[in-house]
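A.B. asks: Mind looking over this structure? Questions follow.
The values are calculated or read from the model by the stated rules, or taken from the named source; none is laboratory data. Note that the structure is a prediction, hence the values are computed from the model and not measured. Please note: Cβ atoms are built from the backbone with ideal geometry, for glycine as well, and neighbour counts cover all protein chains shown. SASA here: full protein model, heavy atoms, side chains in, ligands and nucleic acids out. Shrake-Rupley method; radii C 1.70, N 1.55, O 1.52, S 1.80 Å.
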Amino acid sequence: MFQATGPASPPPTHEAKSSSGGSTVQRSKSFSLKAQVKEMCTACQKTVYPMERLVADKFVFHNSCFCCKHCHTKLSLGSYAALHGEFYCKPHFQQLFKSKGNYDEGFGRKQHKELWVHKEVESSTKSA
């Protein structure tokens, strides 16, 4: 039914010729058909697809995995506070801080001032 008249068109190339002269312009190579690197959820270690991807403090999560460490309430980008790579809802972050008055003890870490005491003891034993 359909018959081609004339020569067959040449195969497409990756270069397009400019209409003003014989110079060639290379197309952008930003689009690639190669497989993308799979991102893993920080919380569950499963693959995160673009539609369910959430990034907080350079950590990648599923929307459903981004939860408070203390009460496991689902968090959003506007309702979280982070400390040492752990995420809390704002009420529990404040509560844990207020319970001890500093970030170290309230969140179950060794107080930073204890490191100073150990250094002072070591320096006094070396000098004696």
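A.B. asks: Might you check whether a residue that is loosely packed, with under 13 Cβ neighbours inside 10 Å, part of a loop (DSSP other than H, G, I, E, B) and modelled with pLDDT under 95 occurs anywhere in region 53-60?
C.D. replies: Taking every residue of region 53-60 in turn, at least one turns out to be loosely packed, with under 13 Cβ neighbours inside 10 Å, part of a loop (DSSP other than H, G, I, E, B) and modelled with pLDDT under 95.
A.B. asks: With respect to residue 104, is the statement that it is open to solvent by less than 60 Å² (accessible area, probe 1.4 Å) and either modelled with pLDDT under 85 or not polar (S, T, N, Q) (or both) true?
C.D. replies: yes
A.B. asks: Which number in (1) of a type outside the set (A, V, I, L, M, F, W, C); (2) part of a loop (DSSP other than H, G, I, E, B); (3) open to solvent by less than 100 Å² (accessible area, probe 1.4 Å) marks the one condition that residue 91 misses?
C.D. replies: (2)
A.B. asks: While we're looking at this one, here's another question. Does residue 97 meet the test of being at pLDDT below 80 and either in contact with a Phe, Trp or Tyr (Cβ under 9 Å, 6 or more places away or on another chain) or not small (Gly, Ala, Ser) (or both)?
C.D. replies: The answer is yes for residue 97.
A.B. asks: Under 7 Å by Cβ, and 6 or more places apart or on different chains, what pairs join a residue from region 65-79 that is crowded, with 17+ Cβ neighbours inside 10 Å with one that is of a type in the set (A, V, I, L, M)?
C.D. replies: 65/43; 66/54; 66/56; 66/75; 67/75; 68/75
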